[in-house]
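What follows is calculated from the coordinates using simple rules that are stated; it is not laboratory data. A quick note: this is a predicted structure, and the numbers were derived from the prediction, not measured. Please note: Cβ atoms are built from the backbone with ideal geometry, for glycine as well, and neighbour counts cover all protein chains shown.
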Amino acid sequence: MRVVVQEQPFDIGAETTTFAAGHKEMGAIVTFTGIVRDLPDDPLQAMEIEHYPGMTEAALTEIAQTAIDRWALGDALVIHRYGRLVPGEMIMMVATASKHRKDAFEAAEYLMDYLKSRAPFWKREITDAGESWVSSKAEDEDALTRW
Amino acid sequence: MDVLYFAWVRERIGIPREKVETSAATVADLVAELRLREERYELAFSDLTALRVAVDQKLTDFDAPLGGVREVAFFPPMTGG
């Protein structure tokens, strides 16, 4: 398992290639990448992501370990950025490796659901109209109940 | 103990962290003490349903005990991913 919390961009191609290598017994690799999305009505200048150093790494490691145990994954990768990002930039990625695709897809969804509301990150949107903290959504909390 | 604030909680209180001398038995007791300090604390802690708490970097509840605890953090619901 690898958990990375960093300010700088990451190379999804290189990360995926490295992750996939060395898992000959795993037939499925699933990756998900989150991108800073522009806002149609109020153009986004930047998104600032704050986090809780120390707890962030611990929380991500615990979430990833739970996924590995539950779906018998061969490996899991979580990369999450913080700091100031502009629309189109990659915020985060997860990758899962399993023998068959169903487990890899499910585990990736599990990682994403838990990353949304159980990893200590807070997003702030800066637009022409002003700045505001992104509110958590009830649907993100509800998403955890299916696991 | 160290008390940390993140996101709009940090903005309302005006500092990211501080040392607090307290004999509060639980997180809720600590919150009650902080609220009595100044208006900015009262504002930050006025609606506990809008807040989450971590004790020694683990998510927990407001009734969590504080014995032997080194670090308490208050923040809004997380928005990762």
Task: Number of partner chain Cβ atoms within 10 Å, mean per residue of A:114-123 - done: 6
TODO: Take A:Ile126, A:Ile63, A:Ile35, A:Ile79 and order them by how many other Cβ atoms sit within 10 Å, fewest up front.
DONE: A:Ile35, A:Ile126, A:Ile79, A:Ile63
Open item on the list: How compact is chain A by the rule of thumb for globular proteins, expressed as Cα Rg over 2.2 N^0.38 Å?
Closed with: 1.07
TODO: Pick out which of A:Asp41, A:Asp128, A:Asp69 has the largest mean-square fluctuation in a Gaussian network model of chain A, springs linking Cα atoms closer than 10 Å.
DONE: A:Asp41
Task: DSSP beta bridges in the protein assembly as shown [antiparallel fraction, %, rounded to 5] - done: 80 percent
TODO: Please identify every one of the trypsin sites (Lys or Arg not before Pro) in segment A:99-147 that sits in a loop by DSSP and has no more than 13 other beta carbons within 10 Å of its own beta carbon.
DONE: A:Lys137
Task: In degrees, nearest ten, helix A:101-118 long axis to first principal axis of chain A (Cα) - done: 40 degrees
Task: Cβ charges +1 (Lys, Arg) and -1 (Asp, Glu), total dipole of segment B:1-69, debye - done: 220 debye
Open item on the list: As a footprinting exposure proxy, order B:Val27, B:Val69 by other Cβ within 10 Å, with the fewest listed first.
Closed with: B:Val69, B:Val27
Open item on the list: Rounded to the nearest 20 debye, what is the charge dipole size of chain A about its Cα centre when +1 sits on each Lys and Arg Cβ and -1 on each Asp and Glu Cβ?
Closed with: 580 debye
Open item on the list: Helix A:55-71 against the longest principal axis of chain A: what's the angle in degrees, Cα atoms only, rounded to the nearest 10?
Closed with: 40 degrees
Task: Most mobile of A:Asp113, A:Asp103, A:Asp11 in a GNM of chain A (Cα contacts under 10 Å) - done: A:Asp11
- [ ] Filter the trypsin sites (Lys or Arg not before Pro) in segment A:1-94 to those in DSSP coil with at most 10 other Cβ atoms within 10 Å of their Cβ, and list the result.
- [x] A:Lys24
Task: Share antiparallel - DSSP beta bridges, chain B, percent rounded to 5 - done: 75 percent
Open item on the list: Could you tell me which residue out of A:Trp147, A:Leu73, A:Val94 lies farthest along the dipole of chain A toward its positive end? Charges go on the beta carbon: Lys and Arg +1, Asp and Glu -1, centred on the Cα centre.
Closed with: A:Leu73
Task: Spin-label model distance (nm) - A:Ser132 vs B:Ser23, 7 Å beyond Cα toward Cβ - done: 4.5 nm
